[in-house]
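One structure below.
The values are calculated or read from the model by the stated rules, or taken from the named source; none is laboratory data. Computed from a predicted structure; not experimentally measured. Cβ atoms come from the backbone with ideal geometry, glycine included; neighbour counts cover every protein chain shown. Accessible surface is based on the protein model in full, side chains and every heavy atom, while ligands, DNA and RNA are left aside. Shrake-Rupley method; radii C 1.70, N 1.55, O 1.52, S 1.80 Å.
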Amino acid sequence: MKVIVLGAGIVGVTSAYQLAKAGHEVTVVDRQPGPALETSFANAGEVSFGYCSPWAAPGIPMKAMKWLFMKHAPLILRPKLDMAMLSWMARMLSNCTSERYAINKSRMLRLADYSRIALADLRAETGIAYDERMQGTLQLFRTQQQLEASAKDVKALAADGIPYEVLDRDGCIRFEPALKHVRDKIVGGLLTPKDETGDCFKFTNALAAKAEALGVRFAYGTTIKALDVEAGRVRGVITDRERMSAEAVVVALGSYSPLLLAPLGIRLPVYPVKGYSLTIPITDASRAPESTVMDETYKIAITRLGDRIRVGGMAEISGYTNDLGLARRSTLEYSVTDLFPGGDISKASFWSGLRPMTPDGTPVIGPTKVAGLFLNTGHGTLGWTMSTGSARLIGDLVGGGQPEIDVTDLAIGRYG
């Protein structure tokens, strides 16, 4: 079939590659001049097959109230008269129960573990290099209360057969030797050894080149105006340059997906939650992390990417604004220098991106009420983690095949 993929981030490019492999004629449309230049550009670098959890969790409403008054807060809320924001927040709060958390986390772990297999296959098939490491994620606890609260995550990991290890202070230092310099600041951690790290921007660009070799056409610098729908079926896409015809369209536009779908009466509860990152050159390898350390207190990931450290995190709910707040930079700098002192943060580059979040934390993957129109969006903080598995599912669904894992609860229908 002729298939158009909207979006050239990690989710769009992996989808295009998978569809091209299946024999479809694929065109990717993106407003940027190249791949992975928005949310995929400088994310935290985690590929978190085990460390993946919904933001909506028991106790989050009370924690959120405290975070709002912290100097280095993991959550920043800038409320406005925006019905989409208010509706999304209300739905998220409704997911902050033990029952919903268990359902949502299990769903996320299923897709993440499927993506672990898909990424390994893709890496073996293509030979792509992207500063990858397969050394796990250490969720680091500074307080005994945090360590005890991890029991709910341990329970979910055990239920889904995901390897994990609860570590004491010395165990954390064995895993990440540079933490010996700050041993008194930590009490323990939760290790998910199957997690990986890597540069999402490098990976996406390398895979885009592989996709082009398979015949995928990339229409960069092209603004998407509307979906062309007739008699309940998608016929193509209208852009600022031309009308493109297709038998199927995959929407992988991240936070901007709901804006394109709204005129069709498709209410997609995806909202932008801004994250920030620093990229810092390593000046002393003995004081840098080996893999990813997740600072649970500030919800900030500190990741080794080759000769650099990527420090990423925070959740700012402020709409479609992508400005760089200096206070956010201060938080990132505080976390990394507190746990890994001795680096030169004066040479760091500062970035922000809009994560497409659903209220329950799980992406939306599957068909819509419009024939031939598919969604692969709403991955939140886990687009890099879930991209390869999501792409496989889209390849099966667009081609009319049977996906290898259950996808019924990933579709937009779960929202009614």
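Some notes on this structure:
- Debye equation applied to the C-alpha atoms of the stretch 169-293, log10 I(q)/I(0) at 0.10, 0.12, 0.20 Å⁻¹: -0.61, -0.76, -1.26
- Ellipsoid semi-axes in whole angstrom, largest first, where each is sqrt(5λ) of the Cα gyration tensor of the stretch 215-270: 18, 15, 11
- All Cα-Cα separations within the stretch 86-165 were binned at 5 Å from zero, giving a P(r) of 3, 10, 16, 18, 17, 15, 11, 7, 2, each value a whole percent of the pairs.
- Split the chain at each of the trypsin sites (Lys or Arg not before Pro) in a DSSP loop with at most 14 other beta carbon atoms within 10 Å, and the longest piece is 81-240.
- Each Lys or Arg adds one and each Asp or Glu subtracts one; over the other residues with Cβ under 12 Å from the Cβ of A22, this totals 0.
- For the chain, a simple Cβ point-charge model (Lys and Arg +1, Asp and Glu -1, everything else neutral) yields a dipole of about 820 debye relative to the Cα centre.
- Over the chain: helical MRE at 222 nm, DSSP H runs n ≥ 4 each giving -39500 (n - 2.57), nearest 500: -10000 deg cm²/dmol
- Ligands, DNA and RNA left out, the 1.4 Å accessible surface of the stretch 128-259 is 48% carbon and sulfur atoms.
- With the convex hull of its Cα atoms as the shape, the chain has an orientation-averaged projected area of 18.6 nm².
- Take the Cα of Y334, go 7 Å toward its beta carbon, and the backbone nitrogen atoms of the stretch 299-320 under 14 Å from that spot belong to 299-300, 314-315.
- Cα shape, the stretch 6-55, gyration tensor, a/c 1.5 rule: oblate
- Sequence of D406, D153, D396 from largest to smallest accessible area, 1.4 Å probe: D406, D396, D153
- For A206, neighbours were defined as the other residues whose beta-carbon sits under 13 Å from its Cβ, and their charges (Lys and Arg +1, Asp and Glu -1) total -2.
- The residues of the chain expose, per residue, 39 Å² of accessible area to a 1.4 Å probe.
- According to the Cα-based calculation, Rg over Rh for the stretch 64-207 is 1.01, with Rh computed by the Kirkwood formula.
- Here the ratio of the Cα radius of gyration of the stretch 12-120 to 2.2 N^0.38 Å is 1.39.
- Compactness of the stretch 317-416, expressed as Rg and Dmax over alpha-carbon positions, Å: 18.8, 56
- Restriction of the GluC sites (Glu not before Pro) in the stretch 218-304 to DSSP coil positions whose beta-carbon has at most 15 other beta-carbons within 10 angstrom yields E242.
- Ordering M70, G12, Y51 by the projection of their Cα atoms onto the charge dipole of the stretch 1-97, which places +1 on the Cβ of Lys and Arg and -1 on the Cβ of Asp and Glu, puts M70 at the extreme positive end.
- Database remark: amide H of K299 closer than 5 angstrom to no amide H (H placed geometrically; neighbours at sequence offset of 5 or more, or on other chains; Pro and chain starts carry no H).
- Once you reduce the stretch 66-137 and the stretch 319-397 to the center of their Cα atoms, the two points are 8 Å from each other.
- Reachable lysines from K66, criterion Cα separation under 29 angstrom, eight or more residues apart if same chain: K80, K105, K152, K155, K185, K274, K299
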